[in-house]
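The values are calculated or read from the model by the stated rules, or taken from the named source; none is laboratory data. No experiment lies behind these values; they were computed from the predicted model shown. Reconstructed Cβ throughout: ideal geometry from the backbone, glycine too, with neighbour counts over all protein chains shown.
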Amino acid sequence: MKKNKLISFDLDSTLVDPTYTTFVWEIGIPELYAKKYNINLSEATSIVIAEYARIGDSALEWYDINYWFKYFALPGKWENLLEVHRDKIRTFPEVKEVIKDLVQHYDLIVTSNAAREFVEVELRETKIKDYFTRIFSATTDFGQVKKTPQFYERICEIMGKSPSNTIHVGDHYEFDYLVPKSIGIEAYYLDRDGKRPKDSQACGGLESFTVKNLRDFAALINPIT
């Protein structure tokens, strides 16, 4: 059966709990740095985090774990670091139930800002990859550090869907809500913690497009059964 509409999901903090990625960047890499340079973990963490900040999240290198392994001259392979901590990967409680239902009515894709190395491990370990028609990484596939209007336009083009036939949901107010909305995508802001940005108060009608979890999101888009 042909599915007329497409749903695009952000990954980290939307489908998958961010514990894993946070651990890899803020604990796993500092631990390797501390071992390499024979310093305590606290000092290593301060050095590593400071270097992340110096590069900044507007640079592609910031997202590239291979770059950081080489930059810090860390022992071992970055692939091993991703694998050894995979037990920390988990979806949010409602995710599997929701996507199992939605895939009956929509084509589903993942559009993440994370590097593909992380995306592939997370989707594999949570056993949800097969529900998605395509997986897109802004940084790896398009060389973009943010989800821009052009990013979403390209996704729609690749998937053969117009923005008006595309729905997106994610936890970043700007890149998962304002940006896709600006090109005509039906966008939903996932606010699991109830910490909506202050400047969002000026965005009329946002309440109608804010959800606390993906179960609420599914209820709002109301698939026809």
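Structure summary
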| item | result |
| --- | --- |
| Among residues of the range 70-87, those that are of a type in the set (F, W, Y) and either in contact (Cβ under 8 Å) with a residue 24 or more places away in the chain or on the phi > 0 side of the Ramachandran plot (or both), counted | 2 |
| Meets criteria (assigned by TED's automatic domain parsing to the domain that holds A138, crowded, with 17+ Cβ neighbours inside 10 Å, under 30 Å from D107 (Cα atoms) and not acidic (D, E)) for L11 | yes |
| Hey, T91 surrounded by 18 or more Cβ atoms within 10 Å (Cβ to Cβ), in contact with a Phe, Trp or Tyr (Cβ under 7 Å, 6 or more places away or on another chain) and in contact (Cβ under 8 Å) with a residue 24 or more places away in the chain or not | no |
| Filter pass, S8 being under 25 Å from A138 (Cα atoms), modelled with pLDDT of 95 or more and small (G, A, S) | yes |
| Scan of the range 46-60 for residues that are at pLDDT 95 or above and within 19 Å of E117 (Cα to Cα), ordered by number | Y52 |
| Elements of type helices (runs of 4 or more DSSP H) in the range 8-58, at least 3 residues being of a type in the set (A, V, I, L, M, F, W, C), more than 22 Å from K212 (Cβ to Cβ) and touching a Phe, Trp or Tyr at 6+ places or on another chain (Cβ under 7 Å) | 41-55 |
| Which numbered condition Q201 misses (of (1) at pLDDT below 95; (2) part of a loop (DSSP other than H, G, I, E, B); (3) over 30 Å from I55 (Cβ atoms)) | (2) |
| Among residues of the range 118-163, those that are surrounded by fewer than 16 Cβ atoms within 10 Å (Cβ to Cβ) and of a type in the set (A, V, I, L, M), counted | 1 |
